[in-house]
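Here the structure comes first, spelled out in structure tokens, and everything after it is commentary.
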Amino acid sequence: MVVHDTVFRPAELPAFVAVGGSDLVELVTYEPGTESWRVLSLDSLVPGHGIGSALLDLVEGAARGVGSLRISLVTTNDNVDSLRFYQRRGYRIAFVDRGAVDWARKIKPSIPLIGLHGIPIRDELTMVKDLDGTESATSGGVA
């Protein structure tokens, strides 16, 4: 996974998982920090059952538990389902990095040109949720 020119290996990241019987049904990976944590992936094999929300709550609770003030994540411009999911849970678009995915393809050429719903994948969108309930100090912007 490439995010903002950084390569992450999800299997090496901290995670919360949801298991149904002996099957993995959902997984969230994250990167803990001091003031801010970052969600790096949220993958579901059974969407629409609230499991992703519960896993996201676990990450947010763990971050609050160590005094972190913010959770951030990055998604791509084509991922309208993700944008809807996170906004409904209090995340706000803080920054649009225009052309970031085009740049990431130089590191990871297997990133497809066309994504969900036939939308060209070009930009990274950073979303932020303040855990103390205040608005983010990040004013946002477009690069």
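The values are calculated or read from the model by the stated rules, or taken from the named source; none is laboratory data. Please read all numbers here as calculations on a predicted model, not as lab measurements. All Cβ positions, glycine included, derive from the backbone under ideal geometry; neighbour counts span all protein chains shown.
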Output for the range 29-48, where each listed residue is under 17 Å from residue 84 (Cβ atoms) and buried (at least 20 other Cβ atoms within 10 Å of the Cβ): 39, 42
Candidates 17, 25, filtered to the one that is outside any helix (DSSP H, G or I), hydrophobic (A, V, I, L, M, F, W, C) and exposed (fewer than 15 other Cβ atoms within 10 Å of the Cβ): 17
Criterion: out of contact with any Lys or Arg (no Cβ under 9 Å at 6 or more places or on another chain) and over 21 Å from residue 27 (Cβ atoms) - qualifying residue of 118, 50: 118
Matching residues in the range 81-108 - criterion: being under 25 Å from residue 47 (Cβ atoms), aromatic (Phe, Trp, Tyr) and not in a loop (DSSP other than H, G, I, E, B): 85, 86
Residues located in the range 49-78, provided they are closer than 25 Å to residue 120 by Cα and outside any strand (DSSP E or B): 77, 78
Tally of residues being assigned to a strand (DSSP E or B) and either touching a Cys at 6+ places or on another chain (Cβ under 8 Å) or farther than 13 Å from residue 17 by Cα (or both) across the range 30-48: 6
Out of 51, 107, 71, 111, sole residue that is modelled with pLDDT of 95 or more and either surrounded by fewer than 16 Cβ atoms within 10 Å (Cβ to Cβ) or not small (Gly, Ala, Ser) (or both): 71
All positions within the range 75-95 that are touching a Ser or Thr at 6+ places or on another chain (Cβ under 8 Å), among the hydrophobic types (A, V, I, L, M, F, W, C) and surrounded by fewer than 17 Cβ atoms within 10 Å (Cβ to Cβ): 93
Residue within the range 106-122 that is more than 25 Å from residue 9 (Cβ to Cβ) and within 14 Å of the chain's Cα centre (by Cα) present: no
Some residue of the range 73-86 being in contact with a helix residue (DSSP H, G or I) (Cβ under 8 Å, 6 or more places away or on another chain) and among the small types (Gly, Ala, Ser): no
